[in-house]
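The values are calculated or read from the model by the stated rules, or taken from the named source; none is laboratory data. A quick note: this is a predicted structure, and the numbers were derived from the prediction, not measured. Positions of Cβ are backbone-derived with ideal geometry, glycine not excepted, and every protein chain shown enters the neighbour counts.
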Amino acid sequence: MSNDLYLGFCIINDKVCLTEKVSISDLINSPSIYEVIRVIDGIPLYVEEHLLRMRESAELLGFRIKKSDDEILNEIKKLITVNEFPNLNIKLVFSNLNKSNQLFLAYFIKSYYPEKEVYEKGIHTILFNVVRENPNAKIVNTKFKERVKKELEDKNAFEALLVNEEGYITEGSRSNIFFVIDDKVYTAPEGEVLQGVTRKRILKVSKEIGIEIIKKHIHIDELKNLDGAFMTGTSVNILPIRTINEIELDSVNNKIIKELSIGYINDMQKYIESRKNYSRSGFTYESYIFG
């Protein structure tokens, strides 16, 4: 794993450490799982759902996370506080899952949030043939990440849509994917894709505003019938897809995608507002660094 530590401080098993003195590759061993959580105004967005998915990932591998949610939340608060409340993504990693002394790391990572122009233009995506092992668990997989990264760079694409052996699109390399045909939205069924936190929130929002989402695979032969498509993820929210390989889509002007985007942003704002007292209560920078 690359040393993707960012900002001045990280947390290792409840201890504040200088990032410049920490080497991730020297610390993390298989089996390891991770989560990436967006922090806005000191609030880790949808943190409860991320922690639940992390526990589910561990259980799928036959292990159990020994830290309680309260312990993890306290370490997240500590990380946010000592780094002076940045609006960035944090990464949580549990390593040595098969040992009694599990390793827990929390640290900020460099985060890219698409500019307004990207949402207005849409993104270019490519098809990528691969079958991901254990798709429901967020496992550290450096080789897969490097393969996809090279392909994206070679083809100047934003995301890769993963295609299985039967020619069906399952998910993105780092996102969930949704397709629009007529007035319906399609996405892959649970069990075959990583059940992203943003994806779950989109399903919730769609139900609230009356947009039907059908959990069904889309085959590559059906791409010509699409009225639109979009990816979802921690950093991108809902991001319209402009092209899939050479297939052009008018996703940025699709009414359903626009309605879902507005609904999701409203859901985020409600969550943040409901937890506005979370970020700074009971925590001070000095108590962690000097206390």
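Only one of these conditions is not met by N101: (1) touching a Cys at 6+ places or on another chain (Cβ under 6 Å); (2) among the polar types (S, T, N, Q); (3) free of Cβ contacts under 8 Å to residues at least 24 places away in the same chain. Which number is it?
Single failed check for N101: (1).
Being crowded, with 17+ Cβ neighbours inside 10 Å and either assigned to a loop (DSSP other than H, G, I, E, B) or touching a Pro at 6+ places or on another chain (Cβ under 6 Å) (or both) narrows it down to one of I80, I72, I76, I90, so name that one.
After applying the criteria, what remains is I76.
Given the conditions (1) in a loop (DSSP other than H, G, I, E, B); (2) on the phi < 0 side of the Ramachandran plot, and given that R147 satisfies all but one, which numbered condition is not satisfied?
(1)
So is R38 outside the structural domain of K143 (by TED's automatic domain parsing) and under 23 Å from K149 (Cβ atoms) or not?
Spelling it out, R38 is indeed outside the structural domain of K143 (by TED's automatic domain parsing) and under 23 Å from K149 (Cβ atoms).
When the residues of region 104-120 are filtered to those that are over 19 Å from I24 (Cβ atoms) and touching a residue at least 24 places away in the same chain (Cβ under 8 Å), which remaining residue is farthest from the chain's Cα centre (by Cα)?
Across region 104-120, the extreme among qualifying residues is E120.
In region 10-54, what residues are in contact (Cβ under 8 Å) with a residue 60 or more places away in the chain and among the acidic types (D, E)?
D14, E35, D41, E49
What number of residues within region 165-191 satisfy the criterion of being assigned to a loop (DSSP other than H, G, I, E, B) and either surrounded by fewer than 16 Cβ atoms within 10 Å (Cβ to Cβ) or outside the structural domain of S261 (by TED's automatic domain parsing) (or both)?
Initially, region 165-191 is screened for residues assigned to a loop (DSSP other than H, G, I, E, B), giving 165-167, 173-175, 182-183, 188-191.
Filter once more, keeping what is either surrounded by fewer than 16 Cβ atoms within 10 Å (Cβ to Cβ) or outside the structural domain of S261 (by TED's automatic domain parsing) (or both): 165-167, 182-183, 189-191.
Total meeting the criteria: 8.
Out of everything in region 119-147 that is at pLDDT 90 or above and hydrophobic (A, V, I, L, M, F, W, C), what residue ends up being nearest to G233 (Cα to Cα)?
Among them, the one singled out is I123.
Any residue in region 85-102 that is in contact with a Lys or Arg (Cβ under 7 Å, 6 or more places away or on another chain) and modelled with pLDDT under 95?
Let us first name the residues in region 85-102 that are in contact with a Lys or Arg (Cβ under 7 Å, 6 or more places away or on another chain), namely 89, 102.
Within this subset, residues satisfying the condition of being modelled with pLDDT under 95 are 102.
Checking region 85-102: at least one residue is in contact with a Lys or Arg (Cβ under 7 Å, 6 or more places away or on another chain) and modelled with pLDDT under 95.
Within region 207-276, which strands (runs of 3 or more DSSP E) (wholly inside it) include 3 or more residues that are surrounded by 15 or more Cβ atoms within 10 Å (Cβ to Cβ)?
Hits in region 207-276: 228-233, 237-244.
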